[in-house]
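Below: the structure, in structure tokens.
The values are calculated or read from the model by the stated rules, or taken from the named source; none is laboratory data. Computed from a predicted model, the values in this text were never measured in an experiment. Note that we place each Cβ from the backbone using ideal geometry, even for glycine, and neighbour counts take in every protein chain shown. Ligands, DNA and RNA are stripped out before the accessible areas are found, and what is left, the full protein with its side chains, is counted by its heavy atoms. Shrake-Rupley method; radii C 1.70, N 1.55, O 1.52, S 1.80 Å.
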Amino acid sequence: VEINMQRFVFSFLCFRFKDNRKDDIWLVDFYAPWCGHCKKLEPIWNEVGLEMKSIGSPVKVGKMDATSYSSIASEFGVRGYPTIKLLKGDLAYNYRGPRTKDDIIEFAHRVSGALIRPLPSQQMFEHVQKRHRVFFVYIGGESPLKEKYIDAASELIVYTYFFSASEEVVPEYVTLKEMPAVLVFKDETYFIYDEYEDGDLSSWINRERFQNYLTVDGFLLYELGDTGKLVAIAVIDEKNTSIEHTRLKSIIQEVARDYRDQFHRDFQFGHMDGNDYINTLLMDELKVPTVVVLNTSNQQYFLLDRQIKNAEDMVQFINNILDGTVEAQGGDSILQRLKRIVFDAKSTIVSIFKSSPLMGCFLFGLPLGVVSIMCYGIYTADTDGGYIEERYEVSKSEIESQEPTEESKEQEPRSGDALVPTVQGPKDVLEKKKD
């Protein structure tokens, strides 16, 4: 009775949430009871709810079993588990960041607040600079550029912060050639949007929403795929303090810092700890430490064609990539896709046997055994049938060869009155044997 009552209350709350959700701001985790990632998120989600409540946030935190209430989940476009969404009026924002407490809470604060936040003073501007590593600012009055800025902000607010300010509030070191303007502040400097060189404003913001140098992991590489930039990565072992490992990381950092103006439109820089993910992505075994340049939009990559001794060598390597001197490997051709299917299947099988040998034997040994028995049965049946058919054909041919002999003997002319004894045919012999 208690379980049924809990289900009734939960159902009532779900339908109440569906009817009244537009009156509040909701941060909802859509989960499935059997999902391992959902179970891993559960304690983090509880911490998010407690902290949001303790700081008096207007955002209400909840969770919903998407398998039991599939109609509600479908209404919000839930296709995988767990799915985190912030629901604000008629809008639903997907969370695509790391599943940590701080990142989820920052997402909730950013999206639940104003779409574009005003910066009324220099003190507020400095405060924002200290708090956010990357943020965008529109400077100027009403204009078509501001309308584009608002449209871009409504789409990309899930990733970064958007502000507006007057020219007087901007720091003195910022030089504006024309007004209005859109700027991105990051890496202790700023870049100005140029419609002629940078193209669409939303695409430019999507490319520039990352710092120039990053600690790269699999999730971040997936996000960088939307930027269209090449990613130069020093693949190292962070636990290894040898000169070679630290030197490559320092070279990539130096290029990202000193050649920022030259490469920031085309390149992203960073380092990755370990080569496991890179090996899976490249379907190859890379030796650590090394440098690899990835094009995550089409799965191409570039490997070193020289020894990197200093930043100048790395710059030359990058320039050779840009002018097409260095040959690209990989890609998304049909052959590469087939290779990827084979590689993924092999990797899955190996991982299953490594994690659970008995399970691997059961999953793959049992079907192979059944197929082997079926093949053996088919082969045996064909062999016996062929033998019987062959034996039948031989016996039939023997009888047919004997029939002309009988006819020829019956038609032989008699000499004189002598009687020639008749030769018994096989048929007579068989009749006698029957008798």
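If you check Y138, Y161, Y149 for being surrounded by 16 or more Cβ atoms within 10 Å (Cβ to Cβ), out of contact with any Ser or Thr (no Cβ under 9 Å at 6 or more places or on another chain) and among the aromatic types (F, W, Y), only one passes: Y161.
Anything in the range 164-179 that is assigned to a loop (DSSP other than H, G, I, E, B) and open to solvent by less than 60 Å² (accessible area, probe 1.4 Å)? List them, or say none.
Of everything in the range 164-179, those that are assigned to a loop (DSSP other than H, G, I, E, B) and open to solvent by less than 60 Å² (accessible area, probe 1.4 Å) turn out to be S166, V169, V170, P171, V174, L176.
Could you tell me whether any residue of the range 118-134 is of a type in the set (A, V, I, L, M) and crowded, with 19+ Cβ neighbours inside 10 Å? Yes.
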